[in-house]
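Notes to accompany the following structure.
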Amino acid sequence: MAGCGEKKQEYSEKEGVETVLPASVNEVTVMTLKKSAFNHELVSNGKVKAQEYADLRFRTTTEPLAKVYVKNGDRVVKGQKIAELNLFTLENKLAQAKNTLDQSVLEMQDVLIGQGYAPDNLDDVPEDVMRLAKVKSGYEQSKANYGLAQYDLEQATLTAPFDGVVANLFDKQYNLPDASKPFCRIISTSDMNVEFTVLESELPLIKRGDKVDVTPYAATASPCKGSVTEINPLVDENGMVSVRARVDGGNRLFDGMNVRVNVKRSVPEQLVIPKTAVVLRSGKQVVFTLKDGKAMWNYVQTGLENMTEYTVSGDGMEEGAQVITSGNVNLAHETPVKVIGEE
């Protein structure tokens, strides 16, 4: 009975091993390791800041709004009308100022005639005589008042200073504009700034001119392209460095929007392997290479990474090595393998 029990246990253990270990040779794909340019990718969160914006105000707020031509979110072009005040009072002030100016001109001519000079040939009038005539007639004061009235009338109509989008417009037609705040803001959307942070340790991996992809969290559209323009040479108390990039918003980015920033940079002369080639064994990174039809175990250290690749160094990581890129999950050292493809 004891002999029968031992045979039964041995049979069970053998059956368990055969169940775990594959009966056929492991099929793998390989690649030839060689130095190439590595497309490093750094991912961060950022916020969009308008590179150019203008807060528009009316010079006078004593007249009601006669017409509001736009609303929040409208896109405007340079010179397009935004809003207009009631012009009746301002036009009358301009007409009065023009009348006063004309009277001053006539009085100045009378003074010049009294001094023996022809009013139609002012170039022959001495400077001191002309200054005296202007003072006596009130010409300079009338001219200044006319210019101010003309300016007030011009400023009673707000126009867009550049192409952009309307924001912060809250005043309504027929009401007096709020004197305590701008009437609205025009934000340029052609070029936007994106501010984000990187770790102090990542600072050597980024430089001015690096390409960036900016993707809004609120949209599923393709990312906007741009480049790094500023790196603030200061590390904050959290070990972060502030970076700014300029991006062509393409009318898809708005001031204050939260975005994901991907900084891309090409690093030459690197040994690059796909992430699928790296497996963990006892918490350590391992890459299997092919030698004489067997998988050879190599401890490695990965460096830079992007979405699909690592730069790598360590045992067996040299140009010309045959790196196993798939089918390596259940491999052990010197396990026989069959190559079914090469990348």
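Just so you know, all these numbers are worked out from the coordinates, no wet-lab data involved. Since we're looking at a predicted model, the values are computed, not measured. In this analysis, Cβ positions are derived from the backbone assuming ideal geometry, glycine residues included, and neighbour counts consider all displayed protein chains.
Taking Cβ atoms as reference points and 9 Å as the exclusive limit, the residues near Lys67 contribute a net charge of 0, counting Lys and Arg as +1 and Asp and Glu as -1.
Once the Cβ-Cβ distance of Leu148 and Asn251 is raised to the sixth power relative to R0 = 30 Å, the FRET efficiency obtained is 0.15. Within the straight-line cut-off of under 16 Å between alpha carbons, the aspartates and glutamates reachable from Lys291 are Glu27, Asp315, Glu318, Glu319, Glu334, Glu342, sequence neighbours fewer than 8 places apart in one chain being disregarded. Taking Cα centre as origin and charging only the Cβ of basic (Lys, Arg, +1) and acidic (Asp, Glu, -1) residues, the dipole magnitude of region 56-186 rounds to 940 debye.
Rounded to the nearest 10 degrees, the inclination of helix 127-137 to the longest alpha-carbon principal axis of the chain is 80 degrees. Between the C-alpha center of region 232-266 and that of region 269-339 there is a gap of 35 Å. Bridges between two residues of the chain, per DSSP, are antiparallel at a rate of about 95%.
Ranking Ile340, Ala118, Ala144 by how far each Cα lies toward the positive end of the dipole of the chain (charges on Cβ) leaves Ile340 at the top. With a Förster radius of 25 Å applied to the C-beta separation of Ser313 and Lys291, the computed FRET efficiency comes to 0.85. Along the chain, the longest continuous region that contains none of the trypsin sites (Lys or Arg not before Pro) in a DSSP loop with at most 16 other C-beta atoms within 10 Å is 209-343. Scanning residues 5 or more positions from Lys49 or on other chains, those with amide H under 5 Å from its amide H are Asn193, Val194, Glu195, Gly256, with H placed 1.01 Å from N in the peptide plane. Compute the helix-to-body angle for 88-114: its Cα long axis versus the longest principal axis of the chain, expressed 0 to 90° and rounded to tens. Its long axis makes an angle of about 50 degrees. Cross-link partners of Lys71 among lysines, defined as those whose alpha carbon lies under 16 angstrom from its own and excluding same-chain residues fewer than eight positions apart: Lys81, Lys172. What number comes out for the charge environment of Val312, summing +1 per Lys or Arg and -1 per Asp or Glu over other residues with Cβ under 14 Å away? Overall, the nearby charge balance is -2. Largest GNM mean-square fluctuation among Asp163, Asp213, Asp178, using the chain with Cα springs under 10 Å: Asp178. Cβ-to-Cβ counts within 10 Å put Glu63, Glu309, Glu318 in ascending order as Glu318, Glu63, Glu309, the fewest first.
Computed from backbone phi, the HN-Hα couplings of region 165-172 come to 10, 8, 9, 6, 9, 10, 5, 10 Hz, rounded to whole numbers (Karplus: 6.51 cos²θ - 1.76 cosθ + 1.60, θ = phi - 60°; Gly and Pro given as x).
Across the chain, the longest run free of exposed loop sites, meaning chymotrypsin sites (Phe, Trp or Tyr not before Pro) lying outside DSSP classes H, G, I, E and B with no more than 11 other Cβ atoms within 10 Å, spans 1-169. The modelled label-to-label distance between Leu234 and Lys78, using points 7 Å beyond Cα along the C-beta direction, is 3.4 nm. When a/c reaches 1.5 or more, the comparison of a/b and b/c decides; with that in mind, is region 198-343 rounded, prolate or oblate per its Cα gyration tensor? Since a/c reaches 1.5 and a/b is larger than b/c, the shape of region 198-343 is classed as prolate. Summing +1 for each Lys or Arg and -1 for each Asp or Glu among the other residues whose beta-carbon sits under 13 angstrom from that of Arg208 gives +3.
Whole-percent P(r), region 56-186, all Cα pairs, 10 Å bins from 0: 12, 30, 21, 15, 15, 6, 0.
At the listed q of 0.08, 0.11 Å⁻¹, the Debye profile of the chain, built from one uniform point per Cα, gives log10 I(q)/I(0) equal to -0.71, -0.93.
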